[in-house]
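Contents: one structure, followed by commentary.
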Amino acid sequence: MGSNMFEEKNVRIAIFSAMIIGILIGLSVADIVFDDYQTGLSDSDDDGVPDHSDLEPNGDAGLRFTLVEVIHPELTEETNVTIILGYNDNGDGEGMLNGQVCALNMTITENTSFTIPSHYCVFQVADYALRSVSFEYRMFEQELINHEIITQKWDIFSEANDEYPWGTNTTVNPAFLAVGSTILLDGMSDDDSWENNARVIWYTTKVQIYAD
């Protein structure tokens, strides 16, 4: 009788211990699964961005803007112009990517209506592919008149604006640009008062800056 009671007590203890161990294992597995769910599964470069949302899973992403063509009125003399492309990522928490600027200088030959340069800009962009970013475009020429540098602004945006001939697009998705996109800035399609107008064509693609 006593022997049977001892054996039953051991059995109850064993069952109870097994239940506790099972609960602990279950909680551990659930925690791992929950963590994976939160982080979006794998993160190859450990940058905190899940691979499925990462522009460059093996390092830092970059966007290359290649200046394909500039269409313009025929000028009576050779003219040097500058095209400014600026990038800001307002969603970058550390502010490390804000204020990147690329300046491209090109020459417009007299009596021609288009110029095909071989210029490009590369920007480091936030790895999050689903974040909207901002790009600013400007075009101008500078003349030396009476020992003073005069800046002549070119209109490269389609809006009819007599005060501001350039502008910014603020709803661009880096993932859209990374797969290969064409950006057309058409300052020749409006009817504002600017004399200098141009149609600027860019092509974008993804590049890898560096890998960890």
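Among the residues in the range 80-89, are any touching a residue at least 24 places away in the same chain (Cβ under 8 Å) and of a type in the set (G, A, S)? Among the residues of the range 80-89, at least one is touching a residue at least 24 places away in the same chain (Cβ under 8 Å) and of a type in the set (G, A, S), which makes the answer yes. Within the range 145-156, restricting attention to residues that are under 22 Å from S118 (Cα atoms) and assigned to a loop (DSSP other than H, G, I, E, B), the residue that is modelled with the lowest pLDDT is I156. One residue alone among G48, G95 is at pLDDT below 70, of a type outside the set (S, T, N, Q) and in a loop (DSSP other than H, G, I, E, B), and that residue is G95. Scanning the range 163-212 for residues that are small (G, A, S) and within 23 Å of T112 (Cα to Cα) gives G187, S189, S193, A198. Hey, can you tell me all the residues within the range 52-84 that are part of a helix (DSSP H, G or I) and either more than 19 Å from L177 (Cβ to Cβ) or in contact with a helix residue (DSSP H, G or I) (Cβ under 9 Å, 6 or more places away or on another chain) (or both)? If the condition is that a residue be part of a helix (DSSP H, G or I) and either more than 19 Å from L177 (Cβ to Cβ) or in contact with a helix residue (DSSP H, G or I) (Cβ under 9 Å, 6 or more places away or on another chain) (or both), then S53 is the only one that fits.
Inspect all residues belonging to the range 193-207 and state whether any of them is in contact (Cβ under 8 Å) with a residue 40 or more places away in the chain, of a type in the set (D, E, K, R), on the phi < 0 side of the Ramachandran plot and loosely packed, with under 12 Cβ neighbours inside 10 Å.
No, there is no match, as no residue in the range 193-207 is in contact (Cβ under 8 Å) with a residue 40 or more places away in the chain, of a type in the set (D, E, K, R), on the phi < 0 side of the Ramachandran plot and loosely packed, with under 12 Cβ neighbours inside 10 Å.
Of all residues in the range 62-85, exactly one satisfies the criterion of being within 28 Å of the chain's Cα centre (by Cα) and modelled with pLDDT under 90, namely G62.
Looking only at residues of the range 98-111 that are part of a loop (DSSP other than H, G, I, E, B) and modelled with pLDDT of 90 or more, we find that the one that is surrounded by the most Cβ atoms within 10 Å (Cβ to Cβ) is T109.
The values are calculated or read from the model by the stated rules, or taken from the named source; none is laboratory data. Just so we're clear, the structure is a prediction, and the values are computed from it rather than from any experiment. As a convention, Cβ positions derive from the backbone with ideal geometry for all residues, glycine included, and neighbour counts pool all protein chains shown.
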